[in-house]
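J.: Below: one structure in structure tokens.
The values are calculated or read from the model by the stated rules, or taken from the named source; none is laboratory data. Remember, predicted model here, so these are calculated numbers, not experimental data. Here the Cβ is made from the backbone with ideal geometry for all residues, glycine too, and neighbour counts use every protein chain on show. Heads up: the accessible areas ignore ligands, DNA and RNA and are worked out on the full protein's heavy atoms, side chains in. Shrake-Rupley method; radii C 1.70, N 1.55, O 1.52, S 1.80 Å.
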Amino acid sequence: MQQPDNVKLFDSRSTLQLSIVIPTYNEAENIIDLLESIKKNIGNSVLAEIIVVDDNSPDGTGKLVDSYIKKNESNNLQGSTLVSVRTIHRKQKEGLIQAVLQGIEFSFGEHVLVMDADFSHPPETIPKIIEKLQKNDNCIIVASRYIKGSSIEGWTLKRRLLSLGANSIARLSLNIGNIKDPMSGFFAFRKNSIKNIQFNTKGYKILLELLVKDRKNKVIEIPYVFTDRKTGKSKMDYITALHYLQSIWKLYRHGKNANLNSQEKDRNSIKFFSKAGRFFTVGASGLLINYLVSVLLSSGLLAKLWYIESTSIGIIISITSNFILNKIWTFGDRDFSPKHTIKQYLLFLIICSLGASLQLGLVYLLVESKVSYELSLLLAVIAASVSNFVLNKKLTFKEKIWG
């Protein structure tokens, strides 16, 4: 792993209190103004360093920071500022979490603050974070977009829906308490508190993994105004979304398996995937039943109905057959008492409707994000199918999700 450049710090007797880690890729339009703004807002409150971790930006972000450091080096050595700047040059993009971890590894501060380079995380909030760090031991300070006093500026409706959706998935799927913004990329913690944590997801939000794997530190959320980037290009794409879903699954497994022995883990895996296989097999049979009933009712073989009527009846019958087969075969529920069965059936209908809405919404959002329709449809069908299975397993048939 490459050592950071410009490792000369202040007087060796000084103790750095804060390391600010900023991962960058093509942020030449923002980075120098950001460095100046951070220095201005920190002032003389703490002895700090800024570590820019650049993924070999084609626009020369890393080289621009190097030139800035060289220009300001004499001021640092003379002690006229309490904030130094260093760079880590990575040869290629290897994921945002890895960039942040490399910055943390080569940091010297007692505390670490992670933030983006596009001014969506305002440097004006840093003094508030520092104040919380100084007043609270063993804590993670999260700058939150979703608590009282916070706001989001410049986002389209699509971005808001994507963010709220990702946030809701994390909060519902993972045991992270009452944290409102686990997807924040603007947070701080004591460096030593993560020394025994192994980070191994491909997600773009390291905080989420930290919250799942660190149960010792108290989480404190503070409000801030999130402003969408004014310059540069967003790094959000469908690959990022896939990595996020993979991370959620891996972190969910981590939480559920933390206290299980290997035999229990194997049994749970077999049960889960066996039921998932049955559920999706029933779903496939429902498509066939839907098609056959609709054709028979519209062709005159059984009746001569309007095609809309035929299709509607086909949908109702296929959903009903799916419910019955899943109740008996997938989940082994033999309780057919009227009240119990009707309640389950209505829940099944609601969840399947939500799955259809999720599929339509994802197709729209992905296609509008310039993803091909074919790939968008595939991803949306997978997401809807998985959500149908998980929600019905948990809510309709009252089973633990994993096991």
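J.: Any idea what angle helix 157-173 forms with the longest principal axis of the chain, computed on alpha-carbon atoms, 0 to 90 degrees, nearest 10?
T.: Tilt relative to the chain: about 80 degrees.
J.: Using a 1.4 Å probe, what is the accessible area per residue for the chain, in Å²?
T.: Working: 21480 Å² over 403 residues.
In whole numbers, the chain has 53 Å² accessible per residue.
J.: Please list, by residue number, every one of the trypsin sites (Lys or Arg not before Pro) in the range 334-403 that is coil in DSSP and has at most 14 other beta-carbon atoms within 10 Å. Present the calculation step by step, with values, prior to reporting the outcome.
T.: Values: sites: ARG334, LYS339, LYS343, LYS370, LYS393, LYS394, LYS398, LYS400; in loops: ARG334, LYS370, LYS398, LYS400.
Here the trypsin sites (Lys or Arg not before Pro) that fit, given the DSSP loop and packing criteria, are ARG334, LYS370, LYS398, LYS400.
J.: Considering the dipole of the chain built from charges on the beta carbon (Lys and Arg +1, Asp and Glu -1) around the Cα centre, which of LEU349, HIS243, MET183 is farthest to its positive end?
T.: Most positive-ward Cα: LEU349.
J.: Quick one: pull the percent of accessible area on the chain belonging to carbon and sulfur, 1.4 Å probe, ligands and nucleic acids left out.
T.: Details: 12450 of 21480 Å².
C and S atoms contribute 58 percent here.
J.: Over all pairs of distinct alpha carbons, what does the Kirkwood formula give as the hydrodynamic radius of the range 16-159, in Å?
T.: Evaluated on the range 16-159, it is 16.0 Å.
J.: For a label point 7 angstrom out from the Cα of LYS40 toward its Cβ, which stretches of the range 110-137 have the backbone nitrogen within less than 13 Å?
T.: 123-125
J.: Rounded to the nearest 0.05, what FRET efficiency is calculated for THR240 and ASP214 with R0 set to 35 Å and r the Cβ-Cβ distance?
T.: Numbers: r = 23 Å, r/R0 = 0.67.
It comes out at approximately 0.90.
J.: I want to verify the translational diffusion coefficient of the range 285-375 in µm²/s; compute it with Stokes-Einstein, Rh as the Kirkwood radius over Cα pairs, at 20 °C and 1.002 mPa s. Spell out each step's value before the answer.
T.: Numbers: Rh = 15.3 Å.
Once the numbers are plugged in, D ends up at 140 µm²/s.
J.: Lys and Arg at +1, Asp and Glu at -1: add these up for the other residues within a Cβ distance under 13 Å of LYS218 and post the number. Don't jump to the answer; show the numbers that get you there.
T.: On the way: positive: LYS132, LYS135, ARG190, ARG215, LYS216; negative: ASP137, ASP214, GLU221.
Once all neighbours under 13 Å are counted, the net charge is +2.
J.: Output the pairs from LYS180/LYS205; LYS132/LYS218; LYS205/LYS250; LYS71/LYS91 with a Cα-Cα distance over 22 Å in this structure; if there are none, say none.
T.: Details: LYS180/LYS205 15 Å; LYS132/LYS218 12 Å; LYS205/LYS250 14 Å; LYS71/LYS91 24 Å.
Going by Cα-Cα distance, LYS71/LYS91 fall outside the 22 Å limit.
J.: If you don't mind, another one. Under a Cβ-Cβ cut-off of 13 Å, what is the net charge of the residues other than ASP137 that fall near it, where Lys and Arg count +1 and Asp and Glu count -1? Please report the intermediate quantities before stating the final value.
T.: Details: positive: LYS132, LYS135, ARG190, LYS216, LYS218; negative: GLU110.
Net local charge, ASP137 excluded: +4.
J.: Now a separate question. Counting only pairs 8 or more residues apart or on different chains, how many lysine pairs in the range 287-402 have their Cα atoms under 18 Å apart?
T.: Count of close lysine pairs: 10.
J.: Aspartates and glutamates within cross-link reach of LYS213: Cα-Cα under 17 Å, excluding same-chain residues under 8 positions apart?
T.: Within the straight-line limit of under 17 Å, LYS213 reaches these aspartates and glutamates: ASP181.
J.: Something else about it: Round to the nearest 10 and give me the degree value, 0 to 90, for the angle of helix 338-368's Cα axis relative to the longest principal axis of the chain.
T.: 50 degrees
J.: Angle check, please: helix 238-257 long axis (alpha carbons) against the longest principal axis of the chain (alpha carbons), in degrees 0 to 90, nearest 10.
T.: Tilt relative to the chain: about 80 degrees.
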